[in-house]
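Chemist: Below is one structure. I have some questions about it.
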Amino acid sequence: MKFTPEKCSIEDQKMKPFIDPDEIWNYINNTVSTKEKVREIIEKSLSKQRLTLEETAVLINATNPELIEEIKQGARKLKETVYGNRIVLFAPLYVGNKCTNNCKYCGFRASNKEAIRKTLSDQELIEEVEALEDTGQKRLILVYGEHPAYSPEYIAHTVNLVYGVKKGQGEIRRVNINAAPLDIDGFRTVKDSNVGTYQVFQETYNPEAYKLYHLGGKKADYEYRLTSLDRAQEAGLDDVGIGALFGLYDWRFEVMGLVRHTNHLEACYNVGPHTISFPRIQSASVLDMNDKYIVSNEDFVKLVAILRLAVPYTGMILTARENAAVRDEVIRFGVSQIDGGTKLELGSYSHSKNEEQDLNKEQFAINDNRSLNEIIEDLIEKDYIPSFCTACYRLGRTGEHFMEFSVPGFIKRYCTPNAILTLAEYLSDYAPGETADKGWALIERHILLIDNENTINELRNRVERIKAGDRDLYF
């Protein structure tokens, strides 16, 4: 389900840069935030309409604690309305950290001579996937440095390899990608591997700041990176993810940049991003930057809530860069996906280590080191439904991120039942006894909340089939 087609404006032309820093700063510096305006904008968002840049700036400029709390609660209500009580789980899997770029904030930067470079062999990749399947993971995002070794053909090969790994009841049903921008032919090659979402983060949307952090390699080309997902769209790969690395520049500008990127994709391709990510700067090997733009926890919660309201239909990803306490706080105000059991060192899933993180082997530090099961149990205790669902993608319900926010009853009819079924699989195959007991009780509570008797009966039937050994059941 896509947006009603609109012609691209002069500012929005396919595969042309679309960020005007003066425009963004004009909105930030000259937009007045009043109680009436803030409340009107929150109501617009709750009616599931994307916000304009000016409306986003109104929320950004709200400083009254009472209004900020209203923004947060509006985001919380919108999240519950659009996504229900589900939290989708995934794991990142680093395939190779060779890189020709020289980004000041990244441990993989080419000038970091302390970094230990590695690319997983096919057998090592299989072993990593098997180890992840042994924990219950069903969704992965493969991560690559920017290097000639990681060609479109190589990326497609690794995607196909991952899909083919089956161990016991384990299998990976959704493979997403975080990799360097490609040309149109390259995106077509990757698309043919049945890849899920293709993520390319702009890091910072401010061109001058971008120059300061990107000192060499292909990534130093701001405009090539900015238009990368246009090329993906031209290639037919319309499931894309955007993101900014908060801490490189003023967080207010980056929020506006993400919204501007969203409305560019909508204007030119009639489809917005599937996901938005908002990682914050953390420690990395030979980190080379100051702390001028480091985002406080208070501002971080606020910006997440604003993004939730600004783009109601888009999935929002919170990573293990954040510690458990911060994740617990932020998740309430718009987050729909988190990673669990995360390890960043190449080969570390299949070779479990108890030693401290070695930043010479990782891109950055992670701050939530809990296992997947610990995170699942914590979600259950907070009455969230941990979900590994991939049904919409595999059934051809394309644009499901729009369906969830625009089709009445979609969550109750499909999303909640499918989340319950994937949780039932996890409880049957991987959960320790205490987690399983809590999980089955959660499932029963949420089945009783469904208001369609036929759906309840069919869902109970499928849960029993899963307990009896059937797998991969979905609505």
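Any read-out appearing in this document is the output of simple, stated calculations on the displayed coordinates, not a laboratory observation. What you see is a predicted model, and the numbers here were worked out from it, not measured in a lab. Counting neighbours? That spans all protein chains shown, and the Cβs are built from the backbone with ideal geometry, glycine included.
Chemist: What number, in percent, do you get for the relative contact order of the chain if the mean sequence gap of Cα pairs under 8 Å and at least 6 apart is divided by its residue count?
Modeler: Details: 862 pairs, mean separation 98.1, N = 475.
Once divided by the residue count of the chain, the mean separation gives 21 percent.
Chemist: How big is the equivalent ellipsoid of region 124-223 along its three axes, where each semi-axis is √(5λ) from the Cα gyration tensor, reported in whole Å from largest to smallest?
Modeler: Gyration-tensor ellipsoid for region 124-223: 30, 15, 11 Å.
Chemist: When the helix-only estimate is applied to the chain (DSSP H runs of n ≥ 4, each -39,500 (n - 2.57), divided by the residue count), what is the mean residue ellipticity at 222 nm, nearest 500 deg cm²/dmol?
Modeler: So the calculated ellipticity at 222 nm is -13000 deg cm²/dmol.
Chemist: A further question follows. What is the set of long-range amide H partners of Arg174 at a cut-off below 5 Å, with H atoms built 1.01 Å from backbone N?
Modeler: Leu140
Chemist: With point charges of +1 on the Cβ of Lys and Arg and -1 on the Cβ of Asp and Glu, referenced to the Cα centre of region 80-370, which listed residue (Gly241, His274, Tyr83) lies farthest in the positive direction of the dipole?
Modeler: The one lying farthest along the dipole's positive direction is Tyr83.
Chemist: Note down the net charge around Tyr474, summing +1 for each Lys or Arg and -1 for each Asp or Glu among other residues with Cβ under 9 Å from its Cβ.
Modeler: Net charge around Tyr474: +1.
Chemist: Residue by residue through region 14-24, which ³J(HN,Hα) values in whole Hz follow from phi under the Karplus form 6.51 cos²θ - 1.76 cosθ + 1.60 (θ = phi - 60°), with glycine and proline marked x?
Modeler: Using θ = phi - 60°, the values come out as 4, 6, 10, x, 9, 8, 10, x, 5, 4, 5 Hz.
Chemist: Can you give the Rg to Rh ratio of region 80-370, both from alpha-carbon atoms, with Rh computed by the Kirkwood formula?
Modeler: A ratio of 0.93.
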